[in-house]
Amino acid sequence: MNVAAILNVKGRAVATAKADTSLQDIARVLSERRIGAIVILGGDGRVEGIVSERDIIRAVADRGSTCLSDSAGSVMTRDVITCTLADSVDHLMQTMTAGRFRHVPIVEAGGLVGIVSIGDVVKHHIAEVEQEASALKSYLVS
Ligand code: AMP
């Protein structure tokens, strides 16, 4: 199973922002959309960074709530690890585990085409296990 199969179910919408967006505005979007990370895009539409709720918590812990007027660019991770649609879900899970992060933007030909979170992977895995169980059940009763 590959990354495209997950995006086919969850869709390709990605919350994005510019690096000059304030952390207050980023936090508002994370809260309103009930998501954990926002991808930061450059003027050319390429992925420039990622800000997760953890980056905001760290900034508040270090500098206090005044950091909320700082820009996303001041806390974002610039070295973003991405996957492609053809990558396997196993590879995606290994990437998250090795990098200790829960979000992976999906990039094709330099353009952002989706994002997969650890929650999406778990949901996908549960659906697969349920499918297997029901296939086994129908095999046993037939
Ligand atoms: P997360 O577990 O996704 O909330 O992120 C934990 C930390 O990893 C934060 O500092 C994020 O900015 C960073 N991070 C999240 N996703 C990625 C990614 N795909 N590549 C690199 N760093 C990331």
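Check which residues have an amide H placed less than 5 Å from Gly49's amide H, if you skip close sequence neighbours.
Correct list: Ile40.
For the range 25-91, what does the alpha-carbon gyration tensor say about shape, rounded, prolate or oblate, given a ≥ b ≥ c as the root eigenvalues, a/c under 1.5 as rounded, and a/b over b/c as prolate?
Prolate.
Over the range 10-142, what is the relative contact order in whole percent, taking alpha-carbon pairs under 8 Å and six or more residues apart?
23
May I ask you to derive the FRET efficiency for Ala13 and Ile118 from their Cβ-Cβ distance with R0 = 25 Å, giving the value to the nearest 0.05?
E(calc), rounded to 0.05, equals 0.90.
Read phi for every residue in the range 6-12 and hand back ³J(HN,Hα) as whole Hz from Karplus 6.51 cos²θ - 1.76 cosθ + 1.60, θ = phi - 60°, with x for Gly and Pro.
Those phi angles translate into 5, 5, 4, 7, 8, x, 10 Hz.
How much net charge surrounds Ala72 when only the other residues with a Cβ under 10 Å from the Cβ of Ala72 are counted, with Lys and Arg +1 and Asp and Glu -1?
Charge balance near Ala72 sits at -4.
Report, as a whole number in µm² per second, the diffusion coefficient that Stokes-Einstein gives for the chain at 37 °C and 0.692 mPa s using the Kirkwood radius over alpha carbon pairs.
200
What does the charge add up to near Met1, with Lys and Arg as +1, Asp and Glu as -1, over the other residues with Cβ less than 10 Å from its Cβ?
Taking every Cβ under 10 Å from that of Met1, the sum is -2.
Using the Cβ atoms and a cut-off under 15 Å, what net charge is assigned to the surroundings of Phe101, where Lys and Arg are +1 and Asp and Glu are -1?
The answer is +1.
Just so you know, all these numbers are worked out from the coordinates, no wet-lab data involved. Because the structure is a prediction, the values reported are computed rather than measured. Methodologically, a virtual Cβ is constructed for each residue, glycine included, from the backbone with ideal geometry; neighbour enumeration extends over all protein chains shown.
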